Amino acid sequence: MQAEEAGNVQELLAYEEDTAGGLMTPEYVAIPQRLTAAQAIERIRELEPEAESIYYIFVIDGQERLRGVLSLRDLIIASPETLVSQFMIRKVISVPLNASPDEVASLLAKYNLLAVPVVDGQDRIQGIVTVDDVLAEVLPPHLRRRVRPGA
């Protein structure tokens, strides 16, 4: 395991397994709200290999607090010189680090989300929980997808 991966695992071990903090991945895409659409696309090109998924692009302020979210579609169709802060969605659904898997699953289902950001007490994004990760936790064992041997 590489040093960066080991550090990520060690951070995640600090959270209870049955919480959003324990389920989250620290690999997500976040960009500063001061970027233009063109700058944001360039930043995503730089960051994408690090992220597990880019379902959503999270927007942060100078103190790394979660301020908005946008889709790749919105980013791509935005005028290149438009600031991200002008077209981001400001009302972001998020969960605290200590949210239960059932709470996370409920929010994902209620708002039809593919992932939800996990934030600390200062509203700083710490990671994301994806729908597949939370489903693996909340579904009864007989309903979970089974991996075929050799697949």
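Annotation note: of Val131, Val92, Val119, the sole residue that is modelled with pLDDT under 95 and surrounded by 16 or more Cβ atoms within 10 Å (Cβ to Cβ) is Val131. The requirement of being at pLDDT 95 or above, within 22 Å of Leu23 (Cβ to Cβ) and touching a Leu at 6+ places or on another chain (Cβ under 7 Å) is fulfilled nowhere in segment 67-89; no residue meets it. When Ala51 is tested against the conditions (1) at pLDDT 95 or above; (2) under 22 Å from Ile93 (Cα atoms), the lone failure is (1). When segment 19-43 is filtered for residues that are hydrophobic (A, V, I, L, M, F, W, C) and within 14 Å of the chain's Cα centre (by Cα), the ones remaining, listed by number, are Ala20, Leu23, Met24, Val29, Ala30, Ile31.
I need every pair where a residue in segment 114-129 that is touching a residue at least 60 places away in the same chain (Cβ under 8 Å) has its Cβ under 6 Å from the Cβ of a residue that is in a loop (DSSP other than H, G, I, E, B) and charged (D, E, K, R), sequence separation at least 6 or different chains. Listed by first residue and then by second, the contacts come to Arg124/Glu64; Gln126/Asp120.
The values are calculated or read from the model by the stated rules, or taken from the named source; none is laboratory data. If you're wondering where the values come from, they're calculated on a predicted model, not measured in any experiment. We place every Cβ from the backbone using ideal geometry, glycine too, and count neighbours over all the protein chains shown.
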